[in-house]
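The values are calculated or read from the model by the stated rules, or taken from the named source; none is laboratory data. Source: prediction; values computed, not measured. Virtual Cβ from ideal backbone geometry, glycine too; neighbours counted across all protein chains shown.
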Amino acid sequence: KDFLKKLPKTLGERAFLTFLALLLIALILGGLIFYKYSISIDKEEPTISEKPPQFEEKTYQTVLKTWQEKEKRFEEADSKTYPDPFR
């Protein structure tokens, strides 16, 4: 309990060492993330699926219909005239 109260003061008195420690932690975490998402991916062999992905026409038509409805509503809102509130 008393340790937590003295921690900010202690870290402030040793600001340079605190900065170095935090910098080291950030560099280590950055290196680990870089290794995970850049270097280790190059080492893995990509998996090849046996059948190619199929185009789903029904899903495409559903999405296309939704987009057309949204575009129609957008065009209707654009052509609507609003009264000028400052007259």
Of these, T66, T47, T18, which one is without any contact (Cβ under 8 Å) to a residue 24 or more places away in the chain and in contact with a Leu (Cβ under 7 Å, 6 or more places away or on another chain)?
T18
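Conditions tested, residue by residue: (1) more than 29 Å from the chain's Cα centre (by Cα); (2) of a type outside the set (F, W, Y); (3) surrounded by 10 or more Cβ atoms within 10 Å (Cβ to Cβ).
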{"site": "K1", "(1), (2), (3)": "yes, yes, no"}
{"site": "A26", "(1), (2), (3)": "no, yes, yes"}
{"site": "Y37", "(1), (2), (3)": "no, no, no"}
{"site": "P83", "(1), (2), (3)": "yes, yes, no"}
When the residues of the range 22-54 are filtered to those that are in a helix (DSSP H, G or I) and among the hydroxyl-bearing types (S, T, Y), which remaining residue is nearest to G12 (Cα to Cα)?
Y35
Selection status of E75, modelled with pLDDT of 90 or more and charged (D, E, K, R)
no
